[in-house]
Every structure is written in C-alpha cells, then in structure tokens.
Amino acid sequence: MTGTVLTWRVLRDLRPAALEDAGDAWHEVSARSGADRARVDRLMTARLRETQDSRSAAAALGRLQRLSRNYQYLHTECGLVRTTLNALAADLAEPQRQLRQALAEAGDLRFTVHEDGSVSFPPATAATLAGETPTPGGHVRGDARLPLDRITGRTGPAPAVRPLDPNAEKAQAIADRIARAVRAAAEIDRAYAATLDRLRAAKGLDVTAATLADAARDTAGVRAAAGRHLGDAIPADASPAELRAWWDALPEEQRREYIDIAPDLIGGLDGIPATDRDEANRTWLPLLIDELSRQGGSETELNGLRMLQAKLNEPSRIPMFLLGVGDEGNGRAIVSYGNPDTARHVSAYVPGLGTKLDDGDFQDTLKRARDTAMGARQIDPSSAAILWLGYDAPQHIDVMTEGDAERGAPAYNAFMSGLEATNEHGDAHFTAIGHSYGSLTVGTAAKQPGGIPGADDIILLGSPGVGVQRAGELGVGEEHVFVGASDHDPVTHLPARDEMAFGGPAGALFTRDLIDAGNDDVYFGKDPASRAFGAQRFMVDDGPRLLRDRGGFDAHSQYFTPSADQVSADNIAAIVAGRSEKIVKEERR
C-alpha cells in the first residue's frame with residue numbers, strides 16, 4: 001500500500017494474502033542466503049582451515065569470511081522484510097474487518113457511501129407526539145476521532161435527547177466507523193512504511209562490522225513494529241507440551257521468523273526444542289547486552305552476560321546449549337552441557353546461596369554443570385547436565401527465607417516439564433540436583449502437586465534443609481533421594497530457626513538439646529543427611545574446616561569438583577547417568 005492514497009475502497013479491496021505472498025518471496029531469498037552461508041562456513045572455510053596453511057590460504061579465508069558476512073546480512077535483512085510484510089497484513093486485518101462491517105450495514109439500510117467516505121441516507125418517518133412525521137434524507141461526513149457527544153462537542157455518554165431522524169443517527173455512526181477504520185489503517189501503513197524504508201542496503205554490499213551493527217538496529221526497528229504481531233500468536237497459557245505441539249505445527253519460515261526477529265519471546269519458552277532455544281538465545285544475548293549498555297545497566301550483570309557470551313564462543317569438548325538468559329533480578333542463565341533433547345540421562349542443577357549472573361563466581365557455577373556432564377558421559381555418553389539459574393537465590397545467610405524458593409519452584413517445575421515435552425526418549429532418566437539453598441528450591445518444587453515433572457532421582461548437596469521432614473515426601477521414593485553432606489560444611493549444620501531465636505548461632509549451641517532432642521534439625525527442616533530423614537547418603541570428602549584449616553566455605557563448594565572431591569563427583573555422575581547402584585555410601589548422621 002506504500003505510495004498509494006489510502007481510501008476506504010483501497011482498504012476494502014486489500015488482499016492481505018498478497019502481502020504474505022510477497023513476504024514468502026523474501027523468505028525464500030533469506031533461506032537461500034542462510035543455507036549458502038552455512039555451506040561457506042561448514043564446508044569451504046572449515047575444509048580450507050584444516051588442509052591449508054599458507055599466505056594464499058589466509059587470503060582465501062579472508063574472502064570467504066567476507067562472502068559469509070554478505071550471506072549473513074542478506075539472510076537477516078530479507079527475513080526482516082518478510083516479517084514486516086506479514087505483520088503489516090496481520091495488523092491491517094482489524095481495520096479492514098471494521099470497515100467491511102460498516103459497509104455491510106450501510107448496504108442493508110440502503111445508504112450510499114461516497115468516494116470520500118461520507119454517507120447519504122433516504123427519507124424516513126419518525127414517531128413524535130404529533131404522530132408519524134416524515135423526515136428528509138440527508139448527507140453526513142464521518143469523524144475519525146473518538147465518538148463525540150454531537151450536541152456539546154465533548155467526549156462522553158450519548159445525549160439524553162436522541163436525534164429526531166433515525167436514519168441520520170445511523171448514517172452518522174456508519175460514517176464515523178468508516179473514517180476511524182481508514183485512519184487506523186493509514187497510521188499502521190505509515191508506521192510499517194517507515195520500517196521498510198530503513199531496510200536499505202548500502203551500494204556494493206561491502207558488509208563490515210558497522211553494517212552488521214546496522215542490521216542489529218534494523219532488527220530492533222522491526223521488533224518494535226512487528227513484535228506485538230508475533231507475541232500475540234504465542235499461546236500464552238499453554239502447557240509446555242502444548243507449546244511443543246504449537247511450535248512443531250508452525251511452518252519452518254514462521255519458526256525462523258521468531259528465532260531471527262523475536263528471539264527473546266522464544267528462548268525462554270519451556271516446550272521449545274533445545275536447538276531452537278539455543279539459537280534464539282544466542283541471537284538475543286548480544287542484543288540484550290547492547291540494550292542494557294544503552295540503558296546504563298549494572299556493570300556486574302553486563303560483565304556476567306559478556307562472560308557468558310565468551311564462554312559460548314569458546315571451543316567446548318561438550319556442546320553448550322543456552323536455554324535461557326535474562327536480566328531479571330540477579331540475572332538469569334540456563335545452560336546445558338550436551339543436548340537435553342537427545343540425551344537419555346539429563347540432570348538439572350539449581351545453585352544456591354550467593355549465586356548471581358556475574359563474571360566471578362558464576363564461572364565456578366557453570367563449571368559444576370560441566371564437571372557433572374563430563375563425569376556422567378564417562379559412564380553413559382548419552383548424558384547432559386544443565387545449570388538452571390532461573391530464579392533469585394538469596395545473597396546472604398542472614399536474609400534466607402522460604403520466599404525465594406517458593407517463587408523459584410514453579411519456574412523450575414515448568415522447565416522440567418519442558419524437558420519432558422522435548423526429549424526424544426520416552427523413558428529418559430531425569431535427575432533434579434539442588435546445592436545449598438538450591439536444595440530448598442528443589443524440595444519446594446517436589447512438594448508441588450504432582451512433584452517435579454519427570455524426576456526419577458533427586459540429589460541434595462550441602463543442604464540447609466529442604467522444607468520436609470522425610471525423603472519420602474519428595475515424590476520419588478526415599479531410595480531415590482541422595483544426599484551429599486560434608487561434615488565440615490557449615491551450611492549443613494545451620495541450627496534450626498527456633499534454636500537460633502535464643503541468642504543466634506552461639507545461643508543455639510546451648511539450647512539445641514532442649515529444642516532438638518535428636519540434634520537432627522537444620523535451618524529449613526530435618527537434616528537431609530540424618531537417619532530420621534531417610535535418604536541415601538553418599539560419601540564425600542570432608543574438606544577443610546571453616547576456621548581451623550582456614551578453608552572458608554571450601555567444604556560447601558567442592559562437591560562437584562573432581563580435583564577437590566573425586567569421590568563426591570563420581571557419586572554424582574553415577575546417579576545422573578542412571579547407575580546409582582555404583583555410589584559409595586556413607587553413614588547417616
């Protein structure tokens with residue numbers, strides 16, 4: 001419609017399918033460009049790197065990289081045109097519907113709609129106190145503004161005295177609806193015309209880093225215009241299984257549209273396959289970093305996001321999948337080592353106290369998932385291990401309450417339900433792992449109706465309690481609840497809150513035997529390593545003492561680390577890989 005004067009006839013006769021057909025043609029160019037880029041990168045460039053090492057080979061690689069950038073730019077820009085045209089067609093549908101409905105009513109009443117949108121109406125009769133009174137025909141013009149009180153000229157309720165001529169009133173309402181429909185369509189058309197006008201390539205198509213940055217700005221512009229169109233199509237209240245069915249039913253070009261244009265809408269949806277979530281989140285991550293930088297976001301969080309991006313770009317012995325990322329709260333990151341959709345054994349580890357998305361301790365948190373994956377894959381190569389930072393963990397012991405766990409548990413269960421929906425094995429083995437405060441989050445998730453979706457085993461590490469008194473309350477059977485608790489880990493010895501009420505931790509030493517006769521209660525309930533709790537306790541290294549060995553919290557942090565605690569890491573790997581009979585057990589407290 002760009003370049004055409006928008007009249008009611010143009011809007012009435014508009015064929016949205018023509019816009020969609022044009023969009024499909026742009027998609028074909030985008031898809032071919034994407035496929036050609038993949039061939040350049042995976043076949044030509046990779047083969048040249050592997051087989052040639054010379055000055056001429058380096059020059060050839062430079063030309064191939066330039067060609068790859070050109071294809072990337074074409075893929076992105078053509079995809080943006082396609083999305084814009086589809087969104088334009090979708091947004092014009094409502095004003096077109098309103099117009100056609102008004103025209104139909106005018107036809108039924110034998111009114112005449114003129115080229116300028118004004119409406120003529122025939123004579124009629126009106127009932128008055130004097131009886132039936134003839135009224136003349138007439139002609140009215142529409143008002144595109146909100147409905148007005150035509151007596152006072154102010155917006156508001158209908159006037160108390162209705163116009164004498166019923167035809168005049170009906171004609172005016174129809175003319176107003178026509179005018180408003182045309183105005184709405186014109187505003188939509190102008191907005192999309194401006195978006196399309198910005199999608200222009202420089203002459204020669206010498207794609208540079210600046211050009212690719214411009215493509216990122218183009219993407220943001222199209223998102224602003226078309227984001228609602230894409231977001232509205234997502235079934236908002238669907239379960240992960242229903243989301244998987246919705247996604248699978250979409251044509252390939254629509255899936256590409258979401259991944260390329262609205263990756264933030266797809267990357268965090270539980271029920272979307274891991275490869276698609278990974279691609280969407282890798283697309284979204286640099287855009288998120290750029291957006292936070294422009295908004296003056298926290299440097300701690302920005303550095304964490306940059307660190308995560310660097311990790312994803314590093315060569316990895318186990319392929320990494322970014323299943324979620326965001327700037328909410330202390331930051332969000334869900335990373336899988338190994339594809340959780342193709343693996344027969346999948347673990348999802350919830351970190352705890354002090355965890356946040358930064359460039360410091362978060363690297364250690366990532367490493368725990370990687371160490372788990374490496375250990376499990378030595379037992380069964382079809383294993384994947386996930387770090388799930390999808391909630392805000394408390395940052396200090398003195399602010400620990402159940403609140404963060406209660407807020408995180410539903411999100412964790414939704415994520416696990418998504419893993420169930422996307423895993424290709426009907427009998428996949430899932431393990432929920434909670435470390436530190438994360439064990440309370442896992443325990444709280446297990447207490448939800450139906451328990452943790454798909455969970456076969458639960459591992460609790462360095463736990464201050466999980467909110468239940470017995471392992472059997474966690475929904476997987478006490479023989480499938482496993483506990484690692486170092487005797488030198490201070491978190492596993494935190495006194496119960498009732499005990500700490502009498503003078504804090506020091507006072508608890510004197511009141512413990514009075515309040516806790518079995519000496520087996522901890523901060524959030526029964527000690528998971530205790531005989532009363534009933535779980536299987538496995539062997540771990542006790543690690544350094546908090547004060548005597550100047551170990552800090554090392555004993556609380558080394559459960560996953562083979563170099564510090566090989567026996568614990570081996571036990572975790574055996575459970576994750578479905579071989580829990582191989583664990584080395586330890587006496588319960």
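One table, with the values for the structure above:
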| item | result |
| --- | --- |
| Trypsin sites (Lys or Arg not before Pro) restricted to DSSP loop in the range 282-329 with at most 16 other C-beta within 10 Å | 317 |
| Separation in nanometres of the label points that stand 7 Å from Cα toward Cβ, at residue 378 and residue 39 | 4.4 |
| Packing-based exposure ordering (other Cβ within 10 Å, fewest first) of 30, 293 | 293, 30 |
| Order of 553, 362 under a 10 Å beta carbon neighbour criterion, fewest first | 553, 362 |
| Residue 537 long-range amide H proximity, modeled H, under 5 Å | 483, 586 |
| Label-to-label distance, nm, for residues given as residue 539 and residue 395 (7 Å Cα→Cβ offset) | 4.0 |
| Label-to-label distance, nm, for residues given as residue 145 and residue 20 (7 Å Cα→Cβ offset) | 3.8 |
| Order of 26, 388 under a 10 Å beta carbon neighbour criterion, fewest first | 26, 388 |
| Candidate aspartates and glutamates for bridging to residue 170, where Cα separation is under 15 Å - those fewer than 8 sequence places away on the same chain excluded | 105, 108, 143, 149 |
| Pairs of Lys in the range 307-582 closer than 20 Å at Cα, counting only those 8 or more apart or on different chains | 4 |
| Stretch gain in nm, segment residue 306-residue 581, where the contour uses 0.36 nm per residue and the Cα spacing is subtracted | 94.9 nm |
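Any read-out appearing in this document is the output of simple, stated calculations on the displayed coordinates, not a laboratory observation. Computed from a predicted model, the values in this text were never measured in an experiment. A quick note on method: Cβ atoms are made from the backbone with ideal geometry, for glycine too, and the neighbour counts reach across all protein chains shown.
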